[in-house]
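Student: Dropping a structure here in structure tokens format, bear with me for questions.
The values are calculated or read from the model by the stated rules, or taken from the named source; none is laboratory data. Predicted model only: the values in this text are computed from it and were never measured. For neighbour counting, all protein chains shown are included, and Cβ atoms are generated from backbone atoms with ideal geometry for every residue, glycine included. Protein only, heavy atoms only, side chains kept; ligands, DNA and RNA dropped before computing areas. Shrake-Rupley method; radii C 1.70, N 1.55, O 1.52, S 1.80 Å.
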Amino acid sequence: MILGLQPFTFAHVLISVIGIVSGFVVLFGLLTAKRLEGWTGLFLVTTVATSVTGFGFPIDIILPSHIVGIISLVVLAVAIVARYAFRLAGLWRSIYVIGAGIALYLNVFVLIVQLFRKVPALQALAPTQSEPPFALTQGAVLVVFVVAVIAATIRFRPTRLVHAHR
């Protein structure tokens, strides 16, 4: 046990937290028209790893978390292709920004679900996760992400980046 968690669970949580933290750094970079190559690689690798390791837990049925993981992996695949294969050319810039934003949002969405499941004070507020505190939290986070991703899509321009590197 590590911090009260089984080793696999601890590794999954640690990878998830690294993915979320690095994702917020990348989102800030997108909002300020900076590529942040190292942070981007860390975010993409750990976010893929988060989704992949999510399938390593024993299950009897497909859970909503598995559906989120599948969606995340598809979104990440498109974002990675947009970023590295198409080098953000033309429409691929927006596809990358939106994909990275969705992938980060999905990780944060799952984080909120887990917090409401595991933190006693939050669990008391929304024991079935259908209560207003849970819905309001998820709704507020969704609104923040929609605004941030729209702003990042507008602000993250390769032409700005080319001039900044000269």
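Student: Being in contact (Cβ under 8 Å) with a residue 60 or more places away in the chain and open to solvent by less than 30 Å² (accessible area, probe 1.4 Å) is the requirement here; does residue 94 meet it? Full working, then the answer.
Tutor: Values: in contact (Cβ under 8 Å) with a residue 60 or more places away in the chain: no; open to solvent by less than 30 Å² (accessible area, probe 1.4 Å): yes.
Here the answer is no, as residue 94 does not meet what is asked.
Student: As an exercise: evaluate residue 22 against (1) at pLDDT below 95; (2) closer than 17 Å to residue 149 by Cα; (3) assigned to a helix (DSSP H, G or I) and give the number of the one condition it does not meet.
Tutor: (1)
Student: If you don't mind, there's one more thing I want to ask. Which is in contact with a helix residue (DSSP H, G or I) (Cβ under 7 Å, 6 or more places away or on another chain), buried (at least 17 other Cβ atoms within 10 Å of the Cβ) and of a type in the set (A, V, I, L, M, F, W, C), of 30, 5?
Tutor: 30
Student: Could you look through the range 126-150, keep only residues that are surrounded by 14 or more Cβ atoms within 10 Å (Cβ to Cβ) and without any contact (Cβ under 8 Å) to a residue 24 or more places away in the chain, and pick out the one that is nearest to residue 102 (Cα to Cα)? Steps first, answer last, please.
Tutor: To start, the set of residues in the range 126-150 that are surrounded by 14 or more Cβ atoms within 10 Å (Cβ to Cβ) comprises 126, 129, 134, 137-138, 141, 145, 148-149.
Filter once more, so that each one left must be without any contact (Cβ under 8 Å) to a residue 24 or more places away in the chain: 126, 129, 134.
Details: 126: 25, 129: 22, 134: 20 Å.
Only one residue fits best here, namely 134.
Condition check ((1) assigned to a loop (DSSP other than H, G, I, E, B); (2) open to solvent by 60 Å² or more (accessible area, probe 1.4 Å); (3) in contact with a Leu (Cβ under 8 Å, 6 or more places away or on another chain); (4) not small (Gly, Ala, Ser)) across all residues:
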position	(1), (2), (3), (4)
53	no, no, no, yes
56	yes, no, no, no
59	yes, yes, no, yes
101	no, no, yes, no
